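Okay, so here's the structure we're looking at.
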Amino acid sequence: RADLVRNAQHTVARMEAKDPSLRSVIDGSVGYIVFPRVGSGGLLVGGGGGKGVLFEHGAQTGFATVEKLSAGALAGAERYAQVVVIRDPQALHEIKAGRFDFGAQASAVILRSGGAANVTFAKGVAVFIDPIKGAMVNASVAGQRLRVTM
């Protein structure tokens with residue numbers, strides 16, 4: 001777990017170097033979950049997942065897993081880092097309780113310089129993606145399931 005925490009901290013630093021405006025979004029949040037490496041793949045039906053770290057007000061408070069299931073117009077395989085920024089205390093509570101649903105309107109923002117400054121929060125949550133390797137035709141985060149352990 002210590003390696004996961006170090007990797008999460010390194011991931012945030014790398015993503016902030018790409019987009020310095022991410023820092024102000026994180027600083028304005030009640031918490032964020034960093035997944036240093038998420039893998040997914042499929043053809044018409046796909047899945048994936050990864051392990052991450054929960055930070056509340058900058059302090060590591062727990063660990064998380066993300067599982068993703070997709071169906072429809074998708075093809076490919078990819079690895080990426082993901083940061084889930086939680087602005088609303090109620091959303092953080094629901095995520096920690098295992099009751100948070102991203103919903104059909106949720107989408108991920110692919111990290112680029114200045115992009116975080118204009119992010120839209122859905123249900124108090126914004127998701128940032130930093131591609132590592134591969135490509136996949138599917139930008140939805142609906143169908144993602146987060147589990148947090150303290």
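Coordinate-derived values only; no laboratory data. Small disclaimer: the values here were computed from a predicted structure and weren't measured. Here the Cβ positions follow ideal geometry from the backbone for every residue, glycine too, while neighbour counts run over all protein chains shown.
Label positions at Leu69 and Glu56, each projected 7 Å from the Cα along the C-beta direction, are separated by 2.9 nm.
Based on the convex hull around the alpha carbon atoms, the stretch 10-49 presents an average projected area of 3.9 nm².
Which distance in nm do the two modelled labels at Met150 and Ile110 give, with both placed 7 Å along the Cα-to-Cβ direction? Inter-label distance under the simple model: 3.8 nm.
Cross-link partners for Lys18 among the aspartates and glutamates, with Cα-Cα distance under 14 Å and sequence neighbours closer than 8 places in the same chain left out: Asp130.
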